[in-house]
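The values are calculated or read from the model by the stated rules, or taken from the named source; none is laboratory data. Note that the structure is predicted; figures quoted are calculated from it, not measured. FYI the Cβ positions are ideal-geometry reconstructions off the backbone, even for glycines, and counts take in every protein chain you see.
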Amino acid sequence: MKKTFAYGLVALVIACLAFGVLLLKENIAARKEEARHHVFKIVDLGEQSVDPADWGRNYPRQYDSYRRTSELTSTKYGGGGSDTLATDKLKEDPRLVTIFRGYAFAVDYRLRRGHAYMLSDQRDTKRVTQHAQTGACLHCHAANTVAYRKVGLANGATGTLNDPLVSSHGYAQLQKGFEKVGAMPYSNAVALVEHPVTCLDCHDPDSTQLRVTRPAFLNGIRKLAESTAPLPHLPSIEKWRKGDRREPYDPNRLATRQEMRSFACAQCHVEYYCGPKMTLFYPWDRGLKVEQIEAHYNSLKFPDGRRFFDWVHADSGAEVLKAQHPEFELWSQGIHARSGVSCADCHMPYKREGAIKVSDHWVRSPLLNVANSCQTCHRMPEEEITARVAIIQERNHALLLRAEEATVALIRAIAEARKNGATEEALRSARELQRRAQWRVDFINAENSMGFHAPQEAARILGEAIDDARQGQIALLQPRASSAAQPKPTSVK
Ligand code: HEC
Ligand code: HEC
Ligand code: HEC
Ligand code: HEC
Ligand code: HEC
């Protein structure tokens, strides 16, 4: 009897111990789960949660770093400087005043700075205060997803604001509102928005999964998918092309997580047309390379039948193009894209906070954070990494200045020839070559990495620009020996 009792006791103790271990395991699992999700839902977020402070209550770590984009930073070629107003690009490089003569960029053109400033810097630029602009400018400068949908609904789109954005109703509301707001005068449109880019613009409010919300990006990437340009760095597009293509390419449904880590930025950091004559668009119908975009612009006609151009150069009379921040396009031609390295890998690296790994939402120059941005992959001293970047940027900068010099020389030569009574026919070739040279120079000047995102491609483009500009000068010296002076089409590969 005593023995049985003793056995029973032992069994009980073992059972208790086993239960304890189970409890402990469960507790550890819960902690791990917590570390994985680290979300304490305080606020119910939905498709109308525009205010980042609401999101910040559930995701304080991401919110805190997001808010730091208001801190002024600069590196040799990055950031906007430390003054109240970002550094003036025109004062730093007077060649640009000649290159942009006759266009709003000759009046006010500054270095970019943190996301927190995107809406106020746009409201304040003389390009807006002294020139009439449209609501399309807001496409990349504000939290506008909900504003677009509201205007879309008011203009006949069906469904409600609570429909998920990624649904046929949500998309239709977004596109309708985008067209309507884009056509409004800037001052009316800007009254519809309150915040710079917000959480809702990059995240689904239920799952926090990445998503893209800019209508012009959704349209542009669909056109790109439908083109024949090889896109080895965008595997979901290559895959879609091999399918039945019944549904158009939709990044929110088809892109890989790694692609989304670049698409989130490619919503805005891209070349675009934003003027009064057509709805805002991204010119990717033939591909992302400089000459593919140029070929697309050259084939476009305005509603009045004229060939596409951004403005007529005041000194030379050439119909020229303006390039804007083609970061996604240039990155696409570089070794990092080819190796599957996304924008977020360098510009929003993971950082540890206790047991938790979060994405650094302080989007800025990676050179301010080499340890997290680069050394995760490149196991070498920080000085070595920054030295390699410096070599790339200095070489690119030197070539860029030479290409600008060549372009300015061509502009002066055309202006001179006009004064001396040259015929329109004699000026034609030179102006075409100015269009080509200027487009290329500006593509690399407006791109914000000073060549880093794709060094060899940047050098190729600048080399072509120098050649085009000098050929233009030769064309003016020999107005009758015209065959050598014809612009040569480059092959589009
Ligand atoms: C391999 C790392 C890497 C990747 C990937 C990368 N970048 Fe960069 N980016 C850099 C570096 C380095 C610079 C130069 C920063 C400087 O000069 O301070 C830069 C500069 C920039 C700048 C200007 C920064 C500033 O402070 O003025 C922008 C904007 C930018 N990149 C956007 C993008 C976008 C958009 C993508 C994806 C399409 C991307 N980058 C992909 C490393 C990267
Ligand atoms: C809604 C459009 C939009 C999206 C999305 C966006 N950006 Fe920007 N970004 C801007 C604008 C506009 C500015 C310039 C703001 C200014 O100068 O006032 C800017 C500035 C920057 C800068 C310069 C920061 C500094 O301190 O100088 C970097 C770097 C940058 N963006 C990288 C990125 C990356 C990486 C992503 C994706 C994770 C991204 N951006 C997503 C519009 C956007
Ligand atoms: C396709 C997205 C997009 C559209 C549309 C857009 N921007 Fe921007 N804008 C950006 C990005 C990205 C930056 C930061 C990179 C840079 O400055 O090169 C920027 C920077 C700026 C800046 C700060 C630097 C500078 O250029 O002085 C101003 C001001 C600005 N934009 C005004 C405008 C105006 C005015 C319009 C309408 C004509 C407009 N933007 C339309 C994406 C856009
Ligand atoms: C310009 C786009 C952009 C904006 C705006 C943005 N995020 Fe993110 N966010 C990202 C990217 C990129 C990641 C990395 C996602 C991945 O790898 O799947 C991320 C990741 C996250 C994650 C997942 C956990 C982590 O840290 O990796 C959370 C949560 C999050 N963001 C919350 C927020 C909140 C809250 C805001 C607003 C205060 C915000 N985000 C604004 C682009 C953005
Ligand atoms: C996710 C991994 C990853 C990150 C993060 C990363 N790189 Fe790289 N980097 C690569 C790969 C892969 C290559 C291609 C060469 C190779 O295969 O070793 C490369 C190549 C380079 C090269 C040679 C470029 C050329 O044209 O040949 C330089 C310079 C470089 N990286 C600098 C940087 C800097 C600076 C950063 C941080 C801003 C950075 N990388 C971040 C993976 C990364």
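Do we find that residue 145 is under 17 Å from residue 267 (Cα atoms) and either away from ligand 4 (no atom under 16 Å from the Cβ) or touching a residue at least 40 places away in the same chain (Cβ under 8 Å) (or both) in this structure? Steps first, answer last, please.
Values: under 17 Å from residue 267 (Cα atoms): yes; either away from ligand 4 (no atom under 16 Å from the Cβ) or touching a residue at least 40 places away in the same chain (Cβ under 8 Å) (or both): yes.
So residue 145 passes the test.
Return the pair list, or none, for Cβ contacts closer than 7 Å from residues in the range 156-169 that are within 15 Å of residue 211 (Cα to Cα) and assigned by TED's automatic domain parsing to the domain that holds residue 145 to residues that are among the hydrophobic types (A, V, I, L, M, F, W, C) and buried (at least 16 other Cβ atoms within 10 Å of the Cβ), at least 6 apart or on different chains.
What qualifies is 165/174.
Please determine whether any residue of the range 75-87 is among the hydroxyl-bearing types (Ser, Thr, Tyr) and within 16 Å of ligand 5 (Cβ to nearest atom).
There is at least one residue in the range 75-87 that is among the hydroxyl-bearing types (Ser, Thr, Tyr) and within 16 Å of ligand 5 (Cβ to nearest atom).
For residue 288, indicate whether it is away from ligand 2 (no atom under 16 Å from the Cβ), modelled with pLDDT of 95 or more and in contact with a Ser or Thr (Cβ under 8 Å, 6 or more places away or on another chain).
When the stated conditions are applied, residue 288 passes them.
Name the residues in the range 365-383 that are surrounded by fewer than 12 Cβ atoms within 10 Å (Cβ to Cβ) and part of a helix (DSSP H, G or I), would you?
371, 383
Could you look through the range 314-323, keep only residues that are in a loop (DSSP other than H, G, I, E, B) and under 27 Å from the mean Cα position of the chain (by Cα), and pick out the one that is farthest from residue 425 (Cα to Cα)?
Once the filter is applied, the top-ranked residue is 323.
Where in the range 201-295 are the helices (runs of 4 or more DSSP H), entirely inside, with at least 1 residues that are under 15 Å from the mean Cα position of the chain (by Cα) and of a type outside the set (Ser, Thr, Tyr)? Give the derivation first.
Details: elements: 215-226, 235-242, 251-254, 257-266.
The qualifying helices (runs of 4 or more DSSP H) are 215-226, 257-266.
For residues in the range 256-279 being within 20 Å of residue 144 (Cα to Cα) and in contact with a Phe, Trp or Tyr (Cβ under 6 Å, 6 or more places away or on another chain), which is nearest to ligand 4 (Cβ to nearest atom)?
Only one residue fits best here, namely 267.
Considering only the range 455-468, state which residues are surrounded by 23 or more Cβ atoms within 10 Å (Cβ to Cβ) and touching a residue at least 60 places away in the same chain (Cβ under 8 Å).
458, 461, 462, 465
Looking at 132, 104, can you tell me which residue is touching a helix residue (DSSP H, G or I) at 6+ places or on another chain (Cβ under 9 Å), within 9 Å of ligand 3 (Cβ to nearest atom), of a type in the set (Gly, Ala, Ser) and in the same structural domain as residue 66 (by TED's automatic domain parsing)?
Working: 132 fails: within 9 Å of ligand 3 (Cβ to nearest atom).
Among 132, 104, only 104 is touching a helix residue (DSSP H, G or I) at 6+ places or on another chain (Cβ under 9 Å), within 9 Å of ligand 3 (Cβ to nearest atom), of a type in the set (Gly, Ala, Ser) and in the same structural domain as residue 66 (by TED's automatic domain parsing).
Would you kindly identify the helices (runs of 4 or more DSSP H) lying entirely within the range 34-108 that contain at least 1 residues that are over 20 Å from residue 361 (Cα atoms) and under 21 Å from the mean Cα position of the chain (by Cα)?
Hits in the range 34-108: 89-92.
Return the pairs, sorted by first residue and then second, in which the second residue is part of a helix (DSSP H, G or I) and β-branched (Val, Ile, Thr), the first residue lies in the range 424-435 and is assigned by TED's automatic domain parsing to the domain that holds residue 472 and free of Cβ contacts under 8 Å to residues at least 12 places away in the same chain, the beta carbons are less than 9 Å apart, and the residues are 6+ apart or on different chains.
Sorted first by the residue in the range 424-435, then by its partner, the list stays empty.
If you take the residues of the range 164-200 that are crowded, with 19+ Cβ neighbours inside 10 Å and outside any helix (DSSP H, G or I), which of them is farthest from ligand 5 (Cβ to nearest atom)?
Checking each candidate, the answer is 193.
Determine which member of the set 459, 426, 430 is farther than 18 Å from residue 288 by Cβ, at pLDDT 95 or above and part of a helix (DSSP H, G or I).
430 is the lone residue from the list that is farther than 18 Å from residue 288 by Cβ, at pLDDT 95 or above and part of a helix (DSSP H, G or I).
Taking the conditions exactly as written (outside the structural domain of residue 311 (by TED's automatic domain parsing) and away from ligand 3 (no atom under 16 Å from the Cβ)), does residue 356 satisfy them or not?
yes
Filter the range 374-399 for residues that are touching a Leu at 6+ places or on another chain (Cβ under 7 Å) and in contact (Cβ under 8 Å) with a residue 40 or more places away in the chain; which is nearest to ligand 2 (Cβ to nearest atom)?
389
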